[in-house]
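Heads up: the structure comes next, in structure tokens.
The values are calculated or read from the model by the stated rules, or taken from the named source; none is laboratory data. All figures in this text were calculated on a predicted structure; none of them were measured in a lab. As a convention, Cβ positions derive from the backbone with ideal geometry for all residues, glycine included, and neighbour counts pool all protein chains shown. These area figures cover heavy atoms from the full protein model, side chains too; ligands, DNA and RNA do not enter into them. Shrake-Rupley method; radii C 1.70, N 1.55, O 1.52, S 1.80 Å.
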Amino acid sequence: MGGPLHGVRVVELAGLGPAPFGAMVLADLGADVITVDRTSIVYGADLATAAGNVYFRGRRSVGIDLKSPDGVEVVRRLADQADVFIEGFRPGVAERLGVGPTELRGRNPRLVYARMPGWGQDGPMASKAGHDINYVALAGPLAHIGRAGQPPTVPLNLIGDFGGGGLLLAMGVCAALVERATSGEGQVIDAAMVDGAALLSAAMAPAYAMGAFSEERGTNLLDSGA
């Protein structure tokens, strides 16, 4: 398979939402992505062949028990030969499993270790559970999506999970690979969804500053107010 990331090896720990989306984008760009899945769900299956499962297109999978020392060692060996490692757990989970960035990058300093948290790695919210709507609400965009005089409209999970999460993670990985070409060193990419959702609102900031954007939902040119 061709593409700008042809020859780049990616190991992805299976998850839901943004991290798999980021891995899908990297696979679309030509990377060789292998998904480490749960043994109870998938064992050695090719996710790309599942009927209608475009979300997992372009990558292979292998079932590995991460609660087993032997399974953890298999993942470490996969990471030894990889360029990129992706995980979407809450802070500290990968470390407890023995596949955190210190462990893996200690063995493979060129590894780009990409993390997909909701709230980041530290701070008062870091360890708390969250979903797309929580990140989008706290970051601000949710308040401005919907009709005037009505409650906010939930924008699927496109802003937090996918735009502010998985897509931003993929961009961070690509940037780290470019930097590695000069330094020879990988790095840790931490693409917190609450930060990504806020970043997607950057275009609204100058409109607010110029008085060209009302805080009242549904009264502006591009928010159904037209």
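A few comments on the model shown:
- For the stretch 173-207, the set of residues classified as under 23 Å from N134 (Cα atoms), open to solvent by 80 Å² or more (accessible area, probe 1.4 Å) and not aliphatic (A, V, I, L, M) consists of D195 only.
- Within the stretch 187-226, being among the small types (G, A, S), closer than 29 Å to A82 by Cβ and in contact with a helix residue (DSSP H, G or I) (Cβ under 6 Å, 6 or more places away or on another chain) holds for A191, G196, A197.
- Screening C174 on (1) in contact (Cβ under 8 Å) with a residue 24 or more places away in the chain; (2) touching a Pro at 6+ places or on another chain (Cβ under 8 Å) shows it passes everything except condition (2).
- Residue that is modelled with pLDDT under 95 and not charged (D, E, K, R), where the choices are G71, G130, G106, G98: G130
- Condition met for G140 (over 21 Å from A23 (Cα atoms), at pLDDT 95 or above and not polar (S, T, N, Q)): no
- Residues that are at pLDDT 55 or above and open to solvent by 40 Å² or more (accessible area, probe 1.4 Å) within the stretch 33-44 comprise R38, T39, S40, listed in sequence order.
- Summed over the stretch 109-127, the residues that are open to solvent by 20 Å² or more (accessible area, probe 1.4 Å) and at pLDDT below 95 give a count of 6.
- Every residue from the stretch 45-57 that is at pLDDT 70 or above and either assigned to a helix (DSSP H, G or I) or open to solvent by less than 40 Å² (accessible area, probe 1.4 Å) (or both): V54, Y55, F56
- Qualifying residue in the stretch 134-152 (condition: touching a residue at least 60 places away in the same chain (Cβ under 8 Å), touching an Asp or Glu at 6+ places or on another chain (Cβ under 6 Å) and open to solvent by less than 50 Å² (accessible area, probe 1.4 Å)): no
- Cβ pairs under 6 Å, 6+ apart, first in the stretch 208-226 and at negative phi and open to solvent by 50 Å² or more (accessible area, probe 1.4 Å), second of a type in the set (F, W, Y) and part of a loop (DSSP other than H, G, I, E, B): none
- Within the stretch 19-32, the residues that satisfy the criterion of being closer than 21 Å to V93 by Cβ and either among the small types (G, A, S) or open to solvent by less than 10 Å² (accessible area, probe 1.4 Å) (or both) are A19, P20, G22, A23.
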